[in-house]
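Here the structure is laid out as structure tokens; the discussion comes afterwards.
The values are calculated or read from the model by the stated rules, or taken from the named source; none is laboratory data. Just so you know, these numbers come straight off a predicted model, no measurement behind them. Cβ sites come from the backbone with ideal geometry, for glycine too, and all protein chains shown count toward neighbours. Side chains are part of the model used for accessible areas, which takes the heavy atoms of the whole protein and leaves out ligands, DNA and RNA. Shrake-Rupley method; radii C 1.70, N 1.55, O 1.52, S 1.80 Å.
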Amino acid sequence: MKKLGKLSIGLGDRFGHQGAAQLKAIMDASKKGVEIVPVWNKSNREHTFIGTVPGDVRKEADSVTKAARFTKDYFVDADHINFENVDRFIPSSDFFTIDVAAWIGQKAGDEDIKVFVGEAEKYKGKLIIPGIPKPFNITRLYLRQTAEKYLFASKMAGIIYRKIEKQKGKGNFITEISMDEVAHPQTPAELFFILMMLGREKIPVQTIAPKFQGRFNKGVDYAGLPEQFALEFESDLLVIGHAVKEFRLPENLKISVHSGSDKFAIYPHIGRIIKKHNSGIHLKTAGTTWLEEVIGLAESGGEALTFVKEIYAKSLDKIDELCVPYADVIDIDKSSLPAKDEVSGWTGSKFASSIRHIPGNKDYNPNMRQLIHVSFKLAAMRIDEYYKLLEKNNKIVGQCVYENVYERHICKLFNIG
Ligand SMILES: [Zn+2]
């Protein structure tokens, strides 16, 4: 059976040019004694926006690992797939993130709900999860409400899982279940019963991505109370440990944090808690390689700097259109965005430090960073020109991508000094 290692990172690479730099970060962590499994992920939405196909991610992953003589495990993740779009991912992916968000809240049939509540009755009363100080108070009404909210979604996950299994064969791929793209977080008690439902569907889920409290905006830091997140994260982790035994789920089942990248405020908490419990983690990052490409091109100067300045100017003109698909995962204060004319006079290093995520740097502007992050479509519209610039300035750009993954993500999360 394909098994995901204890520590793994989901790497996004929108334009498919940075796999080698990302892999170097993984290999350097290994030299420091931290073994991380790289997983290249790309969602259907991103493929559509850029005009790539799932097979492109497979080609990139295979070619960069081969070139680097990387012989350990790596995976290609069909990220946030659903019933409609899973087919096109099946041949090239060996990791599937089945997204059930759209079905949460849709009610299963009355008979199904009744059967589930009957089976779950044994948890009624005070449900004790080892390690969590306060037992959960489970009533029959609570079980019914939880079934009404999640049972249908778990059944859909089962249908999609079996569709993939039929084509790929049992044990030939990793399964993740995601429910992070919803309005409200799932509580640890809900997570327990969701895992019970997935166990009933016999889905060998190896990673699960709940929604946590706070905001996980794309490419910027966590917005919320890190200590509160830590409590929630630790409870979820303990629930998973208990659920694995109760529901015969894979023993390596672990939390997947769909981080949207750059959640520096919570990385030390995650690192500390997984160490304390000797648990694993899958940290999924967003396609912020694109931001690092822009930073690298700005630093390269000349025509590359001109190009990224033009992208920024255009992003101001099209700001509303660009932000709409990401409304739930960005917070841009328009009044804090520098004007086109001002930016046109900037040096490359001023442009780069305005969008490079170094908290405390006086030039860092998270509003500009988020706007550029959602503006990758503007580069996709000038794709030949963009690829030429990337290839010409490959060294500087690759170094930016590497430093970002290694120093700002891996070292912070796994406490590498
Ligand atoms: Zn997600």
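For this structure, a couple of remarks:
- Listed by position, the helices (runs of 4 or more DSSP H) contained in the stretch 323-417 that have at least 2 residues being among the acidic types (D, E) are 340-344, 383-392.
- Meets criteria (within 26 Å of the chain's Cα centre (by Cα), open to solvent by less than 30 Å² (accessible area, probe 1.4 Å) and either acidic (D, E) or within 25 Å of C400 (Cα to Cα) (or both)) for S256: no
- Residue in the stretch 72-87 that is surrounded by fewer than 22 Cβ atoms within 10 Å (Cβ to Cβ), in contact with a strand residue (DSSP E or B) (Cβ under 9 Å, 6 or more places away or on another chain) and β-branched (V, I, T) present: yes
- Test: H17 is touching a residue at least 60 places away in the same chain (Cβ under 8 Å) and either among the β-branched types (V, I, T) or closer than 19 Å to F376 by Cα (or both): yes
- Test: residue in the stretch 10-31 that is open to solvent by 60 Å² or more (accessible area, probe 1.4 Å), in a loop (DSSP other than H, G, I, E, B) and touching a strand residue (DSSP E or B) at 6+ places or on another chain (Cβ under 7 Å): no
- Residues that are within 16 Å of the ligand (Cβ to nearest atom) and assigned to a helix (DSSP H, G or I), drawn from the stretch 234-269: D236
- Scanning the stretch 168-196 for residues that are over 17 Å from I129 (Cβ atoms) and away from the ligand (no atom under 16 Å from the Cβ) turns up K168, G169, K170, G171, N172, F173.
- Total residues in the stretch 348-388, condition free of Cβ contacts under 8 Å to residues at least 12 places away in the same chain and crowded, with 21+ Cβ neighbours inside 10 Å: 0
- Exactly one residue among G287, G219, G280 is in contact (Cβ under 8 Å) with a residue 24 or more places away in the chain, touching a helix residue (DSSP H, G or I) at 6+ places or on another chain (Cβ under 6 Å), open to solvent by less than 40 Å² (accessible area, probe 1.4 Å) and not aliphatic (A, V, I, L, M), and that residue is G219.
- Any pair with Cβ under 9 angstrom, 6 or more apart, that starts in the stretch 151-177 at a residue that is farther than 28 Å from K114 by Cα and ends at one that is assigned to a helix (DSSP H, G or I): I164/F89; Q167/D87; G171/E165; N172/E165; F173/I164; F173/E165
- So T289, is it within 18 Å of the chain's Cα centre (by Cα), more than 16 Å from the ligand (Cβ to nearest atom) and closer than 21 Å to N41 by Cα: yes
- Evaluation of R45 against the conditions (1) open to solvent by less than 10 Å² (accessible area, probe 1.4 Å); (2) in contact (Cβ under 8 Å) with a residue 60 or more places away in the chain shows that the sole unmet condition is (1).
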